[in-house]
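The values are calculated or read from the model by the stated rules, or taken from the named source; none is laboratory data. Here the structure is a predicted model, which is why all the values come from computation and not from measurement. Here the Cβ positions follow ideal geometry from the backbone for every residue, glycine too, while neighbour counts run over all protein chains shown.
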Amino acid sequence: MPKQTFLNLPEEKRNLITDTLIKYFSQKPYHEVDISDIAKECNVAKGSMYQYFENKKDMYFYALEVSYQRFLELLEKLDMMHVNLFDYYENSLETIWIAMKELKSEYLLLERAFFSQDSPFKDEINEKFLKQSREFLVKIIKYNQQKGYIRDDIDPVIISIFLEGASFYMKKFVIEEALSRTSTTLDLDISYFKDALSQFIKLLKEGIGKK
């Protein structure tokens, strides 16, 4: 994470460095990113980047953390905590699609980090972000159980593990399809996602939906 020297920078400079890190790490594999290019675009010396961060890996994880938090902030605006889980999946796709477009670099960085073959530190990335996402998901599941939307005879943590696995491989499938047809998932037509999602929702309802 950033050193105090980075935190002491003016907000405008911090934002420039942050956004530039996200842009470069989203565009290239980790090992191809040259910190000199980032420093040049930010109009700072390369050595200054190492005064702000411990090393390149530290910069990478900082870019991931900021990207992840920006996405969470957008998702929270959907009031995801207080909706029917199935309605959320069915009705929020278009909003999330817009968010993906608005946070294009952030999304592409996260997609590359979690799913790309050239992604480094996958175990660390999963360990770091899985706990955050699971805690968030368990709260949603408990709310849905209390409302009678989904089965309450299964431990919320077990349901969250099931949803994590199902969602992960669903995303993996969609991303692989995207890469076989286009350059990224952002280049696919939203109708493709709607078709895939409707089938995914059907499976979820039959598995965890309240009978």
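Which one of the conditions (1) under 30 Å from I208 (Cα atoms); (2) not in a helix (DSSP H, G or I) does M1 fail to meet, given that it meets all the rest?
Status for M1: all satisfied but (1).
Those residues that are surrounded by fewer than 17 Cβ atoms within 10 Å (Cβ to Cβ) and of a type in the set (S, T, N, Q), I need them from the range 22-42; list them, please.
Of everything in the range 22-42, those that are surrounded by fewer than 17 Cβ atoms within 10 Å (Cβ to Cβ) and of a type in the set (S, T, N, Q) turn out to be Q27, S36.
Check off (1) surrounded by 14 or more Cβ atoms within 10 Å (Cβ to Cβ); (2) part of a helix (DSSP H, G or I); (3) hydrophobic (A, V, I, L, M, F, W, C); (4) at pLDDT 80 or above for I154 and give me the number that stays unchecked.
(2)
Looking at E94, is it modelled with pLDDT under 80 and in a helix (DSSP H, G or I)? Talk me through it step by step, then tell me what you get.
On the way: modelled with pLDDT under 80: yes; in a helix (DSSP H, G or I): yes.
Yes.
Among the residues of the range 134-151 satisfying the criterion of being part of a helix (DSSP H, G or I) and aliphatic (A, V, I, L, M), which is nearest to the chain's Cα centre (by Cα)? Quick ask: steps written out before the conclusion?
First, pick out the residues of the range 134-151 that are part of a helix (DSSP H, G or I): 134-147.
If we keep only those that are aliphatic (A, V, I, L, M) as well, we get 137-138, 140-141.
Working: L137: 14, V138: 17, I140: 18, I141: 20 Å.
For the range 134-151, the residue satisfying everything is L137.
Residues are listed down the side, and each one gets a yes or a no for (1) in contact (Cβ under 8 Å) with a residue 24 or more places away in the chain; (2) of a type outside the set (G, A, S); (3) touching an Asp or Glu at 6+ places or on another chain (Cβ under 8 Å):
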{"site": "D19", "(1), (2), (3)": "yes, yes, no"}
{"site": "A39", "(1), (2), (3)": "no, no, no"}
{"site": "E54", "(1), (2), (3)": "yes, yes, no"}
{"site": "M59", "(1), (2), (3)": "yes, yes, no"}
{"site": "V66", "(1), (2), (3)": "yes, yes, yes"}
{"site": "L74", "(1), (2), (3)": "yes, yes, yes"}
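How many residues are small (G, A, S) and buried (at least 17 other Cβ atoms within 10 Å of the Cβ) when one looks only at the range 43-74?
Count: 2.
Can you name the helices (runs of 4 or more DSSP H) wholly within the range 4-47 that have at least 3 residues being modelled with pLDDT of 95 or more and not polar (S, T, N, Q)? It would help to see each step written out before you state the result.
Values: elements: 4-7, 11-27, 35-41.
Because the criterion is at least 3 residues that are modelled with pLDDT of 95 or more and not polar (S, T, N, Q), the helices (runs of 4 or more DSSP H) in the range 4-47 that meet it are 11-27, 35-41.
Quick check on Y52: is it on the phi < 0 side of the Ramachandran plot and over 17 Å from the mean Cα position of the chain (by Cα)? Lay out the reasoning, then the answer.
Values: on the phi < 0 side of the Ramachandran plot: yes; over 17 Å from the mean Cα position of the chain (by Cα): yes.
For Y52, the condition - on the phi < 0 side of the Ramachandran plot and over 17 Å from the mean Cα position of the chain (by Cα) - is met.
Here are the criteria: (1) surrounded by 15 or more Cβ atoms within 10 Å (Cβ to Cβ); (2) under 20 Å from the mean Cα position of the chain (by Cα); (3) aliphatic (A, V, I, L, M). Tell me which single one L130 does not satisfy.
For L130, the exception is condition (1).
Search the range 103-133 for residues being outside any loop (DSSP other than H, G, I, E, B) and among the acidic types (D, E), and hand back the single one that is modelled with the highest pLDDT.
So in the range 103-133, the residues outside any loop (DSSP other than H, G, I, E, B) come out as 104-115, 122-133.
The next check asks that each one be among the acidic types (D, E); those that pass are 106, 111, 123-124, 127.
Values: E106: 92, E111: 82, D123: 83, E124: 88, E127: 80.
Only one residue tops the list, namely E106.
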